[in-house]
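Every number here is computed from the coordinates shown, using simple stated rules; none is lab data. Just so it is clear, the structure is predicted and the values come from calculations on it, not from any experiment. FYI the Cβ positions are ideal-geometry reconstructions off the backbone, even for glycines, and counts take in every protein chain you see.
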Amino acid sequence: MAAPIGLSSPWRTSTLHRLRKRNENEHNHLHSIQESHERLSVQLEDQRKTNASLLSQVDQLKKEKLELQIKADSGIGPSTSDRPDERRAVLEGKNLKLMEELTDMHRTKGQ
């Protein structure tokens, strides 16, 4: 569409050209910012999913640790110490504790 003869002055075309150039520059800056924001949003969502997965693994490991500690304390599961000396010391300590309890029980029964 051709512009009317009175509206095609040089200042009008230069102003229009400068406005289009400014619009293009601002659009490019904003476009790169928008792309960065979208990329960061995707990364954030991935990190949140990873974090949730790791938290569930931590909870599972805590439960498993508690179960193993209960088994080890009751003598059902594998011992926590690999060395026989440590295991012997632990068993002797348990034996001494049980003997003390037995002695206390006999005292209270005798009174």
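Given R₀ = 30 Å, what would the calculated FRET efficiency be for H106 paired with K71, taking r from the Cβ atoms and rounding to 0.05?
Working: r = 31 Å, r/R0 = 1.03.
My answer for the efficiency is 0.45.
Given that just one value was derived from the coordinates, which of [x] 30, 19, 13; [y] 86, 14, 10; [z] 28, 18, 13 is semi-axes √(5λ) of the Cα gyration tensor in Å?
[y]
Grab the Cα-Cα distance for E24 and E92, subtract it from 0.36 nm times how many residues apart they are, and report the gain in nm with one decimal.
Values: separation 68, 0.36 × 68 = 24.48 nm, distance 8.34 nm.
Separation in residues times 0.36 nm, less the Cα-Cα distance, equals 16.1 nm.
Taking K109 as the anchor, which lysines have their alpha carbon closer than 28 Å to its alpha carbon, excluding any fewer than eight residues away along the same chain?
K94, K97
Divide by every residue of the chain the summed helix terms, -39500 (n - 2.57) for each DSSP H run of at least 4, and state the resulting mean residue ellipticity at 222 nm, rounded to the nearest 500 deg cm²/dmol. Could you put the intermediate results ahead of the total?
On the way: 2 runs with 92 residues, N = 111.
Dividing the helical sum by the residues of the chain leaves -31000 deg cm²/dmol.
In degrees, nearest 10, range 0 to 90: what is the angle between the Cα axis of helix 10-74 and the longest Cα principal axis of the chain?
Here the helix axis deviates by roughly 10 degrees.
Out of S14, L30, Q43, whose Cα points farthest toward the positive end of the dipole of the chain (charges: +1 Lys, Arg; -1 Asp, Glu; placed on Cβ)?
So the residue we want is S14.
If one computes the Cα centroid of the stretch 85-111 and of the stretch 27-57, what distance in Å separates the two points?
For the stretch 85-111 versus the stretch 27-57, the Cα centre distance is 60 Å.
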